[in-house]
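Student: Let me begin by handing over the structure; questions about it come next.
The values are calculated or read from the model by the stated rules, or taken from the named source; none is laboratory data. Predicted model only: the values in this text are computed from it and were never measured. Every residue, glycine among them, receives a Cβ derived from its backbone with ideal geometry; neighbour counts consider all protein chains shown. For accessibility, only protein heavy atoms count, side chains too; no ligands or nucleic acids. Shrake-Rupley method; radii C 1.70, N 1.55, O 1.52, S 1.80 Å.
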Amino acid sequence: DARVTQTPRHKVTEMGQEVTMRCQPILGHNTVFWYRQTMMQGLELLAYFRNRAPLDDSGMPKDRFSAEMPDATLATLKIQPSEPRDSAVYFCASGLGGVNEKLFFGSGTQLSVL
Amino acid sequence: GQQLNQSPQSMFIQEGEDVSMNCTSSSIFNTWLWYKQDPGEGPVLLIALYKAGELTSNGRLTAQFGITRKDSFLNISASIPSDVGIYFCAGQWPGNTGKLIFGQGTTLQVKP
């Protein structure tokens, strides 16, 4: 079965360290979304791409977060420097795009910043 | 930021009962999606709705796209213990950007 692959599944780091999360979208999908999930805020949209171009990253704290798609098979989300309030589960999702979107999610990266 | 209002926030029901949850928004959407999330996993797509008034079923699940395009509901009939999880609605903005936002989720617990 085609699936979105996220690595690592778990990450524990210390405040101030750089964190890089990776996502391999489903082959042939041309939209990639990054969401952050916390108990308080639910699923927040951080950024999304179509055909590797960023369409909207207004949900992302720009001073420390960055999202890129170096190629069609890899999306990255970086936090530098990380802070305890960044602790959350980060999900990547991909889709075919267009008017009638369907998103398929990875299993997430659980990040703990101490 | 823009949010979908999903209710109820949580439900605790007896096995065999029917369940209903809904999402509303002040904005119009051109797509409504319903997802289920199990612990430690990402959300899994259950049902996709693309037209106002559309009623779609997937086994014991039925979802409808509201006529006003500002709401949607999900029904689960004859609940079973494996229905336990968090259910999310998601709405896609009209237009070319395809932005998709999620409701806060409904946590469902089923008592055998």
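Student: Restricting to the stretch A:12-68, name every residue that is open to solvent by 80 Å² or more (accessible area, probe 1.4 Å) and within 12 Å of A:Tyr90 (Cα to Cα).
Tutor: Answer for the stretch A:12-68, where residues must be open to solvent by 80 Å² or more (accessible area, probe 1.4 Å) and within 12 Å of A:Tyr90 (Cα to Cα): just A:Arg22.
Student: Right, here's the next one. I want to confirm something. Restricting to the stretch B:57-97 and keeping residues that are more than 13 Å from every other protein chain (Cβ to nearest Cβ) and among the hydroxyl-bearing types (Ser, Thr, Tyr), which single residue is surrounded by the fewest Cβ atoms within 10 Å (Cβ to Cβ)?
Tutor: B:Ser82
Student: May I pose another question? Restricting attention to the stretch A:103-114, report how many residues are more than 7 Å from chain B (Cβ to nearest Cβ) and touching a Cys at 6+ places or on another chain (Cβ under 9 Å). Show your work before the answer.
Tutor: Step one: filter the stretch A:103-114 for residues more than 7 Å from chain B (Cβ to nearest Cβ), giving A:109-114.
Those left that are additionally touching a Cys at 6+ places or on another chain (Cβ under 9 Å): A:109.
The total comes to 1.
Student: For the stretch A:85-102, give me the residue count where each residue is within 10 Å of chain B (Cβ to nearest Cβ), under 28 Å from A:Glu18 (Cα atoms) and not in a strand (DSSP E or B).
Tutor: 0
Student: Restricted to the stretch A:32-59, and to residues that are more than 11 Å from chain B (Cβ to nearest Cβ) and part of a loop (DSSP other than H, G, I, E, B), which residue is nearest to the chain's Cα centre (by Cα)?
Tutor: Taking the candidates together, the pick is A:Asp57.
Student: Can you name the residue in the stretch B:10-37 that is modelled with pLDDT of 95 or more and not in a strand (DSSP E or B) and, of all such residues, is farthest from the other protein chains (Cβ to nearest Cβ)?
Tutor: The extreme case among them is B:Gly16.
Student: Kindly indicate whether A:Val32 is touching a Cys at 6+ places or on another chain (Cβ under 9 Å), touching a residue at least 60 places away in the same chain (Cβ under 8 Å) and farther than 17 Å from B:Gly40 by Cα.
Tutor: On the way: touching a Cys at 6+ places or on another chain (Cβ under 9 Å): yes; touching a residue at least 60 places away in the same chain (Cβ under 8 Å): yes; farther than 17 Å from B:Gly40 by Cα: yes.
Answer is yes for this residue.
Student: Shifting gears a bit: Any chance you could count how many residues in the stretch A:69-84 are in a strand (DSSP E or B) and surrounded by 14 or more Cβ atoms within 10 Å (Cβ to Cβ)?
Tutor: We begin by selecting, within the stretch A:69-84, every residue in a strand (DSSP E or B); these are A:69-71, A:74-79.
Retained after the next criterion (residues that are surrounded by 14 or more Cβ atoms within 10 Å (Cβ to Cβ)): A:69, A:74-79.
Number satisfying all stated conditions: 7.
Student: Also: Against the definition (surrounded by 14 or more Cβ atoms within 10 Å (Cβ to Cβ), of a type outside the set (A, V, I, L, M, F, W, C) and either at pLDDT below 95 or in a strand (DSSP E or B) (or both)), how does B:Asn5 come out, yes or no? Steps first, please.
Tutor: Values: surrounded by 14 or more Cβ atoms within 10 Å (Cβ to Cβ): no; of a type outside the set (A, V, I, L, M, F, W, C): yes; either at pLDDT below 95 or in a strand (DSSP E or B) (or both): yes.
So B:Asn5 does not fit the description; no.
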